[in-house]
Structure formats: structure tokens, C-alpha cells
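Working notes, beginning with the structure itself.
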């Protein structure tokens with residue numbers, strides 16, 4: 001393995017790129033949106049108590065979605081729109097699945113079926129709750145910004 005010559009090159013080879021930082025930051029804000037939406041304890045039950053963990057989970061999910069989405073950046077517009085919808089679904093399912101696992105581990109009163117219930121409830125909301133439909137547009141715009149940063153060369 002080739003060793004970097006100076007510390008700036010070492011930094012460039014070991015850290016995330018600009019799109020990666022944007023994906024992590026965007027993941028944090030997606031986690032903030034999730035934490036706000038999960039604030040209704042009557043609707044979400046024990047997940048509502050752990051909703052602020054979304055701020056910790058969000059950046060990791062943001063980076064994972066970015067890594068999985070890079071193939072779509074060189075494709076056509078219709079495919080990118082479709083992928084933005086699917087990636088929102090996947091990220092929401094992963095996010096709520098992780099929160100569901102934490103709920104099951106933290107509160108021994110809920111069974112493992114709670115993970116499926118929580119995940120499906122969030123996906124059901126994305127489909128049928130019109131107040132959440134703007135998240136699809138936000139997902140597409142977020143992907144478009146990261147796409148532009150990924151495809152454009154970095155200024156030197």
C-alpha cells in the first residue's frame with residue numbers, strides 16, 4: 001500500500017469526501033425530522049421515548065444511502081426520481097427497524113414483533129399520510145445536491 005507524502009494527503013485518503021460529509025449531515029437532519037415526527041407518544045408508544053437516538057442513527061444511515069445511491073447518479077432523470085422514492089422507503093425502514101431493535105432490547109415488555117410493527121407503521125405513513133408526502137421531494141432534492149457534488153470535480 002502506498003503511503004501518503006504529507007498530512008493533507010493522509011487526511012484526503014482517510015476521511016469522507018465532500019458528498020460523504022453532506023450525506024452524513026443530511027442524515028443527521030433526516031434523523032431530526034424523524035425525532036420530531038416520533039414525538040407523539042400515544043401514536044408511537046415506546047419508540048417516542050427513544051426518538052432522539054435518531055440523531056445518532058441518522059448520519060450512518062445517510063452515508064449508507066449515499067453509498068447505495070451512487071450508481072443512480074449517472075442514470076436518467078426518471079430513474080433518479082424513482083430511486084429517491086425507494087431510498088426514502090429503505091432509509092425509513094432501516095431507521096425504524098434499528099429503533100425497534102433498541103426498543104425491544106431496552107424494554108423487555110415488547111416482543112420482536114414490535115420491530116415489524118414499528119417499521120410497517122412508518123412505511124404506511126409515508127404512503128398514506130399526505131403531510132409526509134413532501135419528504136419525497138426533499139429526498140429527491142437531497143439526492144440531486146449530493147449527485148452534483150459527486151459528479152463535479154473538487155476545487156483545488
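The values are calculated or read from the model by the stated rules, or taken from the named source; none is laboratory data. Small disclaimer: the values here were computed from a predicted structure and weren't measured. Glycine also receives a Cβ, built like all others from the backbone with ideal geometry; neighbour counts cover every protein chain displayed.
Scoring residue 47 on the criteria (1) at pLDDT below 80; (2) farther than 26 Å from residue 133 by Cβ leaves a single failure, condition (2). Looking across 20, 90, 76, one residue alone is under 11 Å from the mean Cα position of the chain (by Cα), modelled with pLDDT of 85 or more and either on the phi < 0 side of the Ramachandran plot or buried (at least 19 other Cβ atoms within 10 Å of the Cβ) (or both). It is 90. Within segment 23-50, restricting attention to residues that are under 15 Å from the mean Cα position of the chain (by Cα) and surrounded by 20 or more Cβ atoms within 10 Å (Cβ to Cβ), the residue that is farthest from residue 143 (Cα to Cα) is 34. Scanning segment 98-112 for residues that are in contact with a helix residue (DSSP H, G or I) (Cβ under 9 Å, 6 or more places away or on another chain) and either surrounded by fewer than 16 Cβ atoms within 10 Å (Cβ to Cβ) or not in a helix (DSSP H, G or I) (or both) turns up 101, 106, 107, 109, 110, 111, 112. Set side by side, the residues 115, 61 differ, and just one is without any contact (Cβ under 8 Å) to a residue 24 or more places away in the chain, in a helix (DSSP H, G or I), touching a helix residue (DSSP H, G or I) at 6+ places or on another chain (Cβ under 9 Å) and buried (at least 18 other Cβ atoms within 10 Å of the Cβ), which is 115.
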